[in-house]
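The values are calculated or read from the model by the stated rules, or taken from the named source; none is laboratory data. Note that this is a predicted model, so its numbers are computed, not measured. Using ideal geometry, Cβ is built from the backbone for each residue, glycine included, and neighbour counts are taken over all protein chains shown.
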């Protein structure tokens, strides 16, 4: 019982740590300029630069051109922690490998116990009185305990299969998000300028308003 609780605790801690780690570092994107013009309570216009997806495909994997987030996600899907390594997040590699490894170990452990108890039940019900149950985990248990053990370990095995899938998906998602944030502008060097302007309204005469220009440097 203590070992089973330990497996659950380790799996939950590793999954939570991998999913909630803060992004402490990010590269600063080139300067961009966004202009917002308002007139009245509900009107607004925002100008942004659209980058074609073909321009973002600067990475290659197995000869295929793709974006950096796509490559990071595929690497993590193939080998846990490889996407984090590609992103340069060395300290996340043990978390990704540990989350998948710990949950996989728990799944294999409960699968071993489940098979041992099933084998013990088959030996006891084979109709041959000379056959003895010599299993390491089951030789001193009665039939009711064997049946109960089969149900318990089958359920725990299935739970850890879900844990493995969740851990693998979490470290893939972490690699993809991290790759996106590498080019995300979080600079504190911002500037705001406002000035009067005239806005062309489609159903009315020219309307006075205020134009705001927000610059990211």
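Annotations for the structure displayed:
- Residues in region 86-96 that are surrounded by fewer than 23 Cβ atoms within 10 Å (Cβ to Cβ), more than 14 Å from the chain's Cα centre (by Cα) and under 9 Å from residue 175 (Cβ atoms): 86 alone.
- In region 146-158, residue farthest from residue 82 (Cα to Cα) [restricted to those that are surrounded by fewer than 21 Cβ atoms within 10 Å (Cβ to Cβ) and touching a residue at least 40 places away in the same chain (Cβ under 8 Å)]: 154
- For region 124-153, the set of residues classified as part of a helix (DSSP H, G or I) and more than 44 Å from the chain's Cα centre (by Cα) consists of 124 only.
- Residue satisfying all of: in region 108-125; closer than 11 Å to residue 146 by Cβ and touching a helix residue (DSSP H, G or I) at 6+ places or on another chain (Cβ under 8 Å); modelled with the lowest pLDDT among these: 124
- Residue among 104, 75 that is in contact (Cβ under 8 Å) with a residue 60 or more places away in the chain and touching a strand residue (DSSP E or B) at 6+ places or on another chain (Cβ under 8 Å): 75
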